[in-house]
Amino acid sequence: MTSKKVLIIDDESSIREMIAVALEMAGYECLEASNSREGYEVIVDSRPDLVLVDWMMPNGSGIELTRRLKKDAITAEIPIIMLTAKSEESNKIQGLEMGADDYITKPFSPKELVARLKAVLRRTNPQGIDEPINVDGLSLDPISQRVTIGDRALDMGPTEYRLLKFLITHQERAYSRAQLLDQVWGGNVYVEERTVDVHIRRLRKAIGKTHDYLIQTVRGTGYRFSNKRAA
């Protein structure tokens with residue numbers, strides 16, 4: 001069973017309930033929001049793995065929310081499926097051009113929705129939903145939440161684990177301390193940016209001198225994960 005989180009944003013509670021029942025039966029964890037503003041807050045705070053958003057909603061359309069999410073580096077990689085009663089080809093093209101990963105026209109069957117959702121997750125997550133990630137002998141297993149080097153399990157705290165998981169799944173991208181706070185600690189948690197430096201030091205200590213080069217400091221920006229050693 002997958003533990004992926006899916007956020008359903010729709011102003012009709014009956015639609016949200018129908019989708020939630022179908023997704024929960026398929027093993028997904030569901031979050032709900034009734035409008036774009038509420039949906040954005042949930043995204044920042046809970047970081048869902050995929051967003052299902054209705055095109056037409058009062059107080060902010062799904063297309064406007066999609067545009068906002070795709071412009072922000074923090075949320076740009078979250079896959080989005082647009083749900084809409086609009087069936088014209090021009091509407092579909094507009095939704096995809098705004099950054100939506102798929103477009104499903106109402107009415108749709110729960111089975112079709114689940115199948116399309118799985119397909120989008122496969123496309124947008126090249127590592128696979130639950131496959132271990134291995135870099136230069138360092139392995140992170142999202143199922144067991146264990147980090148190992150060879151046969152040796154590493155001892156690290158939950159925050160260091162979340163920090164490593166985010167960085168190792170977003171390799172070669174530099175992130176500021178503020179961005180890491182949003183992604184790892186959550187948008188509604190208010191802590192000082194230097195907290196990131198403390199946990200980066202703990203993470204480097206946990207993975208040891210043989211692999212601490214993977215967590216690189218980017219001057220003037222923050223940190224990145226890379227196995228490309230500096231010249």
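Out of all Cα-Cα pairs in segment 133-225, roughly what percent, to the nearest whole number, are more than 19 Å apart?
35 percent
Select from VAL42, VAL53, VAL191 the residue whose mean-square fluctuation is largest in a Gaussian network model of the chain (Cα-Cα springs shorter than 10 Å).
Comparing VAL42, VAL53, VAL191 in a Gaussian network model of the chain, the most mobile one is VAL191.
Under a straight-distance cross-link criterion of Cα-Cα below 30 Å, which lysines are reachable from LYS5, leaving out those fewer than 8 residues away in the same chain?
Answer for LYS5, where 30 Å is the Cα cut-off: LYS70, LYS71, LYS86, LYS92, LYS106, LYS111, LYS118, LYS165, listed by chain and number.
Using r as the Cβ-Cβ distance of SER109 and GLU77, and R0 as 30 Å, what FRET efficiency do you calculate, to the nearest 0.05?
0.60
Grab the Cα-Cα distance for GLU192 and SER13, subtract it from 0.36 nm times how many residues apart they are, and report the gain in nm with one decimal.
60.6 nm
What's the whole-number percent of alpha carbon pairs in the chain lying beyond 27 angstrom?
Of all Cα-Cα distances in the chain, 39 percent exceed 27 Å.
Can you give the longest stretch of the chain with no exposed loop site, where a site means trypsin sites (Lys or Arg not before Pro) in a DSSP loop (not H, G, I, E or B) with at most 12 other C-beta atoms within 10 Å?
Here the longest segment lacking exposed loop sites spans 1-208.
Can you sort ASP10, ASP182 by how many other beta carbons sit within 10 Å, fewest first?
Fewest to most other Cβ atoms nearby, the residues stand as ASP182, ASP10.
By count of other Cβ within 10 Å, fewest leading, how are TYR103, TYR213, TYR175 ordered?
TYR213, TYR103, TYR175
For the modelled label position 7 Å from the Cα of ASP155 along Cα-to-Cβ, which residues of segment 199-217 have backbone nitrogen atoms closer than 16 Å?
Of the residues in segment 199-217, 202-209 have backbone N under 16 Å from the label point off ASP155.
Which of MET156, MET57, SER14 sits closest to the plus end of the dipole of the chain, meaning its Cα is farthest towards the positive end, when Lys and Arg get +1 and Asp and Glu get -1 on the C-beta?
MET156
How high is the relative contact order of the chain? Use alpha-carbon pairs under 8 Å, at least six apart in sequence, and give a whole percent.
Once divided by the residue count of the chain, the mean separation gives 14 percent.
Quick one: MET57, MET82, MET18, MET25, fewest Cβ neighbours within 10 Å first, how do they rank?
In order of increasing Cβ crowding within 10 Å: MET25, MET18, MET57, MET82.
Exposed loop sites here are GluC sites (Glu not before Pro) in DSSP loop states with at most 13 other C-beta atoms within 10 Å. What is the longest stretch of the chain lacking them?
Between the exposed loop sites, the longest stretch runs 89-171.
Using Cα atoms only, what is the angle between the long axis of helix 194-207 and the major principal axis of the chain, expressed in degrees (0 to 90) to the nearest 10?
It is inclined by approximately 60 degrees.
Rounded, prolate or oblate: which fits segment 1-45 when a ≥ b ≥ c are the square roots of the eigenvalues of the alpha-carbon gyration tensor, with rounded for a/c under 1.5 and prolate only if a/b beats b/c?
In terms of gyration-tensor shape, oblate.
Using a Debye calculation, one point per C-alpha and no hydration shell, please list log10 I(q)/I(0) for segment 5-124 at q = 0.10, 0.13, 0.21 Å⁻¹ in order.
-0.24, -0.42, -1.25
Computed from the coordinates by the stated procedures, all read-outs in this text should not be read as laboratory data. Owing to the predicted nature of the structure, the values given are computational and were not obtained by experimental measurement. Please note: Cβ atoms are built from the backbone with ideal geometry, for glycine as well, and neighbour counts cover all protein chains shown.
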